[in-house]
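Peer 1: Take this structure first; my questions come after.
The values are calculated or read from the model by the stated rules, or taken from the named source; none is laboratory data. These numbers were taken from a predicted model, which means no experiment stands behind them. We place every Cβ from the backbone using ideal geometry, glycine too, and count neighbours over all the protein chains shown.
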């Protein structure tokens, strides 16, 4: 039985499905409590229903986009784990990058080298650990933080200044490191400045970036706003298709 | 008066429930890799996980702190507990909650906003869970196709595909800022090709360089604004 077969085993489906089910129950509990609280406050039930309906329709397309993310990760991590990660807490760009970093620490290349069971367990642990801060912060500080904000200007205004710019800069730095490695890999991968390294990652990144540019153009200029929901996953799938076409 | 009392009791219980559920989810998510490892007859390599955490974990820690500080006031108590458990904040939960709030004209910090945000994020999460569950069920019969050798180059290039898309998304926000770290990193990898096996570690100097340059420019623009 291959490692991928093991990763798609019923036991793993059961573990991941159990956690997804737990989160679904939590959502239902929060939904019912909020509905009852709204009624007790005298809120119009028509408006509350409208909020629910609009949120459901709003989430439908992005959810299909997230499903494409499960598809993208399923080739290296099996189906159940990406299903859990993208149903709960995760986001496609985060999961892929952390999985790759964990694989790197284990001396394997995600999707290229054969996956081992220990590599999978380590990757899964790192994926869970790196994104837990939001939950930890809400658990520790939510009550105090929200209390502090009451009657004051939203803190977002104070943090807004450099916080947003720092986040953009951080992602630019992260992307630069990866693109730099693809350029360096092609130029010096088989000996310094021989220009004989693998060019597939560069091609895939370029196709993916071009596809993203196309999606953004359609969304911004043609006002196909719904396309935004598929832009990252769609661009990735087109980039990956380019790799299949060149066969590397 | 009665309504206010009921609402305060609701908020108090929301915090209690939210904290308990967050801790339980954390335990389950951190425990699952060990449980799965046991099922597969192995265990996670903690040393490698720690090294991976030092490289990428720090980046996501900063990102999580900023997200928490910025989004919690918009989402309220119930909404923020749920949003940080279910994820996909920027690409779905935040715009979804903002859209619902605008539709019913709820103002930040009000009881109405608290209720609407929670309803919106709970609904959104349930829709995602449902769509993914149905999708996964349909995906199972497709497994032989997904695992065919023809498709393997696609799965071997998931990461370049991601970073190509992200490059367009983030570089266009500040192309001038992107030039310096991209050139520095490319040159570094050309001169020291062995570093390609430690790309995730190189995020730290690259990110620090970009943040440092961005900070210098921000400070300069603030000084200019203050003088004006």
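Peer 1: Scan the range A:1-15 for residues that are within 7 Å of chain B (Cβ to nearest Cβ) and either over 19 Å from residue A:125 (Cβ atoms) or touching a residue at least 60 places away in the same chain (Cβ under 8 Å) (or both) and jot them down.
Peer 2: A:4, A:6, A:8, A:12, A:15
Peer 1: Being over 14 Å from the mean Cα position of the chain (by Cα) and either within 21 Å of residue B:140 (Cα to Cα) or assigned to a helix (DSSP H, G or I) (or both) is true for just one of A:68, A:60. Which residue is that?
Peer 2: The conditions single out A:60.
Peer 1: Please work out if residue A:52 is facing chain B (nearest Cβ under 7 Å), in contact (Cβ under 8 Å) with a residue 60 or more places away in the chain and either under 25 Å from residue B:9 (Cα atoms) or touching a strand residue (DSSP E or B) at 6+ places or on another chain (Cβ under 9 Å) (or both).
Peer 2: no
Peer 1: Next question, about the same structure. Would you be able to tell me the number of residues in the range B:93-117 that are under 13 Å from residue B:73 (Cα atoms) and either touching a residue at least 40 places away in the same chain (Cβ under 8 Å) or facing another protein chain (nearest Cβ under 7 Å) (or both)?
Peer 2: 5
Peer 1: Let me ask another. I'm told residue A:104 meets every condition in (1) in a helix (DSSP H, G or I); (2) in contact (Cβ under 8 Å) with a residue 24 or more places away in the chain except one. Can you identify the failing condition by its number?
Peer 2: So residue A:104 meets the others, but not (2).
Peer 1: From the list B:9, B:20, B:77, exactly one residue is modelled with pLDDT of 95 or more and outside the structural domain of residue B:204 (by TED's automatic domain parsing). Which is it?
Peer 2: B:20
Peer 1: Can you name the residue in the range B:119-153 that is touching a helix residue (DSSP H, G or I) at 6+ places or on another chain (Cβ under 7 Å), farther than 20 Å from residue A:91 by Cα and at pLDDT 80 or above and is also surrounded by the most Cβ atoms within 10 Å (Cβ to Cβ) among such residues?
Peer 2: Per the criteria, the residue is B:119.
Peer 1: For the subset of the range A:220-230 comprising residues that are in contact (Cβ under 8 Å) with a residue 40 or more places away in the chain and surrounded by 17 or more Cβ atoms within 10 Å (Cβ to Cβ), which member is nearest to residue A:73 (Cα to Cα)?
Peer 2: By that ranking, first place goes to A:230.
Peer 1: Is at least one residue of the range B:1-14 within 21 Å of residue A:84 (Cα to Cα) and in contact with a helix residue (DSSP H, G or I) (Cβ under 7 Å, 6 or more places away or on another chain)?
Peer 2: no
Peer 1: Can I ask one more? Taking the condition on the phi < 0 side of the Ramachandran plot, in the same structural domain as residue B:96 (by TED's automatic domain parsing) and buried (at least 17 other Cβ atoms within 10 Å of the Cβ), does residue B:209 pass?
Peer 2: Taking the combined requirement at face value, the residue does not satisfy it.
Peer 1: Here is a follow-up. Does any residue of the range B:173-183 turn out to be on the phi < 0 side of the Ramachandran plot, buried (at least 20 other Cβ atoms within 10 Å of the Cβ) and modelled with pLDDT under 90?
Peer 2: no
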